[in-house]
Amino acid sequence: MIYAALFYAIALFTVAGAFGVAFSENVVYSAFSLMATLLGAAGLYVFLGADFLAAVQLLVYVGGILVLTLFAIMLTHQISDVEVSNRAVGRWPALGLVGFVGIAMATALVRAPWKVSGEVVAKAAGEGTTYGIGDAFLGPFLLPFELASIVLLTALVGAIVLSRKEIRD
Amino acid sequence: MNFQFANVLVYILLGAITAALMLGLGWLLRPSNPERRKLSTYECGEPPSGSAWINFNIRFYLVALIFVVFDVEVAFVYPVVVAFRDYVLQGKGLLVLAEILFFVGILFVGLVYVWAKRDLEWVKQVRTAA
């Protein structure tokens, strides 16, 4: 009972944040609303028994990506009165598209054979997933784990090279 | 595990209640006496000028980019550290330590790169051929 109420409260928090992102007039407020959405998503991960994912969501998305987003907004020169070169097609086509996608998603939701893996969630909820992930990193997924390091290195060097250009002049 | 997250929830709720209580008490107790200059943004006693949302230096962005990469690295290393003890007990401690050091070492190359290229310095001095 409390569990369900808590779930709906966090889901409402997440969706409200998403509405804030979409409907806010000010792009900075949109970015701050995104924080609510990302925090809510972390909460939903907890409900799925994915504790490590929730922690990473906080660490990387709320702690890192959001700061990056805010900096990107602050860095963009006069972001509020930028001339939009490719305008949106308008409300009615958008409504039609959203309606179509919404119906498709609702159909998928209703038709999907939901597998309630109670024991997996219960196991994760009991002892947490962090140890299992670490064990997998050192065991069968050692190569992907080490490759992730190279991917990160590539991302780092690439991002620096790309964003450095503007400073030179 | 969920019980531990209940702790987190209680912590968040207590924080929110404390903040709301403090602000609410202040709001109830203080006299309401608004004045134009009181309502203006406090800028060290100076009359505020211009918008508060100025363009940041691109340095912030560069440092934030580097931070995100190492943030993800921490996210990768963290579960490995949790499982590390059992590998030590199995006598594979050195091997696993080498694996972790290899992972960190590759990213250390990235740190050396940004350091050597002076991207971490606040004012970057590009040496021009004299």
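Which chymotrypsin sites (Phe, Trp or Tyr not before Pro) does the range B:1-50 hold that lie in a coil by DSSP with at most 10 other beta carbons within 10 Å?
Within the range B:1-50, the qualifying chymotrypsin sites (Phe, Trp or Tyr not before Pro) (loop, at most 10 other Cβ atoms within 10 Å) are B:Tyr42.
Can you compute the modelled spin-label distance between B:Val104 and A:Leu59, with each label point 7 Å from Cα toward Cβ, in nm?
Taking the two extended label points, one gets 1.3 nm.
With +1 on each Lys and Arg Cβ and -1 on each Asp and Glu Cβ, how big is the dipole of the protein assembly as shown about its Cα centre, in debye rounded to the nearest 20?
Roughly 440 debye, rounded to the nearest 20.
Sticking with the crude label model, points 7 Å out along Cα→Cβ, report the distance from B:Tyr78 to A:Val151 in nm, one decimal please.
About 1.8 nm, to one decimal.
Quick one: how many lysine pairs in the protein assembly as shown have C-alpha atoms under 27 angstrom apart, if they're 8 or more apart or on different chains?
4
Quick check on chain A: helices-only [θ] at 222 nm, where DSSP H runs of length 4 and up contribute -39,500 (n - 2.57) each and the sum goes over total residues. Nearest 500, please.
Mean residue ellipticity at 222 nm (helix-derived): -24500 deg cm²/dmol.
So if we plug the beta-carbon distance of B:Met22 and A:Ser24 into 1/(1 + (r/R0)^6) with R0 = 35 Å, what FRET efficiency do we get, rounded to 0.05?
For B:Met22 and A:Ser24, the calculated efficiency is 0.80.
Calculate the length of the line joining the C-alpha centroid of the range A:84-115 to that of the range A:131-167, in whole Å.
Between the Cα centres of the range A:84-115 and the range A:131-167 lies a distance of 34 Å.
Between A:Leu48 and B:Phe70, what is the FRET efficiency for a Förster distance of 25 Å, r being their Cβ-Cβ separation, to the nearest 0.05?
According to the calculation, E is roughly 0.40.
For chain B, with a Gaussian network of springs between Cα atoms less than 10 Å apart, report the residue from B:Arg85, B:Arg59, B:Arg30 with the top mean-square fluctuation.
B:Arg30
So for A:Glu25, B:Glu121, fewest C-beta neighbours within 10 Å to most, what's the order?
Fewest-to-most ranking of A:Glu25, B:Glu121: A:Glu25, B:Glu121.
If each of B:Leu13 and B:Leu120 carries a label point 7 Å out from its Cα toward its Cβ, how far apart are those two points in nm?
4.4 nm
None of the figures in this text is laboratory data; all of them are computed from the coordinates on show. Every value quoted in this text rests on a predicted model; they were computed, and no experiment measured them. Backbone-built Cβ (ideal geometry, glycine too); neighbour counts: all protein chains shown.
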